[in-house]
Amino acid sequence: MQPRVADKKICPICDKRRAERYCPAKGEKICAIDCGTERETTIDCPSDCAHLLTAHRWEQDHPKPMPDAEIPFADVSFPADLIHTRQAVLAGIGYTVGIYAVSQRLLTDSDVFLAVHALAETRRTLLSGIYFEKPPENLAAAGLYAALAKFIEDEKQREAEHPESPALKGTEIFHLLVFFLRFGRLRSNGRPRTRAFLEFLRSQFPAEAGVAREEPRIILP
């Protein structure tokens, strides 16, 4: 029989506090403290959980600066106007991630960051004239790595067929991946099972597979 405290069930996680908050991931009530500490860590929260949505809104309203030691490719800088002149490509990267996530329901923000970081490393190596590719070992991240690599090759091919447009340079591809990675880390919360950044992308791009890629609406800072 489930233990009770003062005629109320106690939390199945801590076994001591009252279970007063329904957890859709567990299908039962847990205490508010464990909801807050275990959310997106040991508990794989569904994206429509009311408590999760409230927490994400609070996090976005109270953003924390990223420590210098955690900035991806901290030694890399690029022109600020690149993000605007290549906004269509940047949006395409976000759209590709969003579409991939539709078929990979277990994909997390950390998987996305693994894939983008690995691809950025590959593109940086290419700039030195060496081809060395090391996709993530994580299967979900490896699949996204492949999808993003294909998007970039398709984009280069598309631009080659339209010589009136400036060709997409290798340095630009690398810098866009670095920016996307930094931006994603800022929109996420660092928890191992969070999908905060993926939810942000989902809000910016149409979910329908038939919508043209040129229509995404990514919001840049």
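The values are calculated or read from the model by the stated rules, or taken from the named source; none is laboratory data. Keep in mind that this is a model prediction, so the values were computed, not measured. For neighbour counting, all protein chains shown are included, and Cβ atoms are generated from backbone atoms with ideal geometry for every residue, glycine included.
For region 77-146, which helices (runs of 4 or more DSSP H) that fit wholly inside it have 1 or more residues that are farther than 16 Å from Lys169 by Cβ and under 11 Å from the mean Cα position of the chain (by Cα)?
Details: elements: 82-85, 87-103, 109-127.
Because the criterion is at least 1 residues that are farther than 16 Å from Lys169 by Cβ and under 11 Å from the mean Cα position of the chain (by Cα), the helices (runs of 4 or more DSSP H) in region 77-146 that meet it are 87-103, 109-127.
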**OP:** Scan region 157-189 for residues that are assigned to a helix (DSSP H, G or I) and either in contact with a Ser or Thr (Cβ under 7 Å, 6 or more places away or on another chain) or at positive phi (or both) and report the count.
**Re:** 1
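Is it true that Ala118 is surrounded by fewer than 19 Cβ atoms within 10 Å (Cβ to Cβ), of a type in the set (A, V, I, L, M, F, W, C), farther than 25 Å from Ala80 by Cβ and out of contact with any Asp or Glu (no Cβ under 7 Å at 6 or more places or on another chain)? Reasoning before the result, please.
On the way: surrounded by fewer than 19 Cβ atoms within 10 Å (Cβ to Cβ): no; of a type in the set (A, V, I, L, M, F, W, C): yes; farther than 25 Å from Ala80 by Cβ: yes; out of contact with any Asp or Glu (no Cβ under 7 Å at 6 or more places or on another chain): yes.
So Ala118 does not fit the description; no.
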Subject >> Residue list for region 67-80, filter: under 26 Å from Ser203 (Cβ atoms) and among the acidic types (Asp, Glu) >> reply: Glu70
Original post:
Can you tell me how many residues in region 172-201 are within 10 Å of the chain's Cα centre (by Cα) and charged (D, E, K, R)?
Top reply: 4
**OP:** Please tell me if Ala69 is in the same structural domain as Arg124 (by TED's automatic domain parsing) and out of contact with any Asp or Glu (no Cβ under 8 Å at 6 or more places or on another chain).
**Re:** no
Original post:
Does region 18-31 hold any residues that are over 26 Å from the mean Cα position of the chain (by Cα) and in contact (Cβ under 8 Å) with a residue 12 or more places away in the chain, and which are they?
Top reply: Arg18, Ala19, Glu20, Arg21, Glu28, Lys29, Ile30, Cys31
**OP:** Evaluate region 80-92: report whether one residue or more is free of Cβ contacts under 8 Å to residues at least 12 places away in the same chain, exposed (fewer than 14 other Cβ atoms within 10 Å of the Cβ) and within 20 Å of Leu198 (Cβ to Cβ).
**Re:** no
Original post:
touching a Cys at 6+ places or on another chain (Cβ under 8 Å) and closer than 30 Å to Lys9 by Cα - does that describe any residue in region 51-69?
Top reply: yes
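Residue by residue through region 143-168, note down the ones that are surrounded by fewer than 13 Cβ atoms within 10 Å (Cβ to Cβ) and more than 23 Å from Val112 (Cβ to Cβ). Steps first, please.
From region 143-168, those surrounded by fewer than 13 Cβ atoms within 10 Å (Cβ to Cβ) are 150, 153, 157-158, 160-167; that's our starting set.
Passing the criteria: Gln157, Arg158, Ala160, Glu161, His162, Pro163, Glu164, Ser165, Pro166, Ala167.
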